[in-house]
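One structure is given below, encoded as structure tokens.
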Amino acid sequence: MNKYHRLNLLEREEISRGLAQNKSYHEIADYLGRHVSAISREIKSKGLNRKTYRANYAHKKAKKISKKHNSQRKISSNPFLQQYVFEKLRLHWSPEQIANQLKTEYTDDMTKQVSHETIYTYIYVLPKGTLKKQLLACLRQKRKYRRNRRKIQGILKQENRGKIVHMLSIEERPREVEGRIIPGHWEGDLIVGKYHQSVLGTLVERTTRLTILVPLKSADAQTVRKSFAGEMKKLPKQLALTLTYDQGREMAEHRLFTKDTKIKVYFAHPAHPWERGTNENTNGLIRDFFPKGTDFNKVSQKEIKRVQNLLNGRPRKVLNWRKPEEVFSELVALAT
């Protein structure tokens, strides 16, 4: 008998045909030159029986199993890849970001490259244990976060009453902002913490996706204005041109903010989160680190800035797998 090799599609078709003709496992095995245990294992391992076995289904299932095993070996047998993947996952990089960064850093070395599908498969086929649990926790959560301001109580309750005066509508915003060609246009928002008793400010540059996280002691208009202005005044003037915000009362002092920073504030329409899509998406990324129920009063400024650095230091698909901090730094160099 020949040295064992995996069953191919033609052999599986012969098995299916033999079963339909009521042949025994021994008869099918003799015809194919296989051991009878190989035929028995082929049928039973796919969760089938004599009546339900189908060649195409069995072949697809076998390929899927083989792919999982290959993915396991691809990373587990390569110490460099294993260490690289683990390190980036623990920085909350997605498998797709890791795969593309490897292509960028090791363009001519295929032994140091791996697809994001392989990384996902490797994680999910790991045996249950601490390592698998840790790596699964690093994967991106798919749920989106969206708050309804009418339901927010606590520190935002009084700030949500009344209309903001002297608002500049998003319809008045320069056309260049929409195209994302010229940098320096930002979007802002608040992420609400546990029991609506704490908040975190978020600012995102539309072109580079650079993110600034703003620790806030409260959500009153004066605190938000001063804290946001303090962060924006650190930027080169050419890269701090406009801010798009929703109609939350925390931005009631927008005219003082503009006077202090020279940055015009434009307000999106109510219940139109897509008009601040970059910020909405970024808030979802931030929630991976600070999930719903986080009490921001108990999160240190050091931890907030650590998360900010992680967000800005990982490659983004929308930037052709470059990092926000790299793209923004280049623009700063040109502006100074």
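The values are calculated or read from the model by the stated rules, or taken from the named source; none is laboratory data. Computed from a predicted structure; not experimentally measured. Every residue, glycine as well, gets a Cβ built from its backbone with ideal geometry; the counts of neighbours run over all protein chains shown.
Among residues of the range 91-119 being under 15 Å from the mean Cα position of the chain (by Cα) and surrounded by fewer than 16 Cβ atoms within 10 Å (Cβ to Cβ), the one that is modelled with the lowest pLDDT is Glu117.
When you check Glu275 against the structure, is it of a type in the set (D, E, K, R), out of contact with any Lys or Arg (no Cβ under 7 Å at 6 or more places or on another chain), modelled with pLDDT under 95 and in a helix (DSSP H, G or I), yes or no? So Glu275 passes the test. Among all residues of the range 202-214, there is none that is surrounded by fewer than 18 Cβ atoms within 10 Å (Cβ to Cβ) and either over 15 Å from Thr282 (Cβ atoms) or out of contact with any Ser or Thr (no Cβ under 6 Å at 6 or more places or on another chain) (or both). Residue pairs whose Cβ atoms lie under 6 Å apart, separated by 6 or more positions or on different chains, with the first residue in the range 295-314 and within 16 Å of Ser94 (Cβ to Cβ) and the second part of a helix (DSSP H, G or I), are Asn312/Pro324; Asn312/Glu325; Gly313/Glu325; Arg314/Gln97. On the basis of being touching a Lys or Arg at 6+ places or on another chain (Cβ under 7 Å), assigned to a helix (DSSP H, G or I) and either modelled with pLDDT under 90 or among the acidic types (Asp, Glu) (or both), does Lys74 make the cut? The answer is no for Lys74. In the range 215-238, which residue that is in contact with a Phe, Trp or Tyr (Cβ under 8 Å, 6 or more places away or on another chain) and either of a type in the set (Asp, Glu) or closer than 18 Å to Val299 by Cα (or both) is surrounded by the fewest Cβ atoms within 10 Å (Cβ to Cβ)? Applying the filter and picking the extreme gives Pro215.
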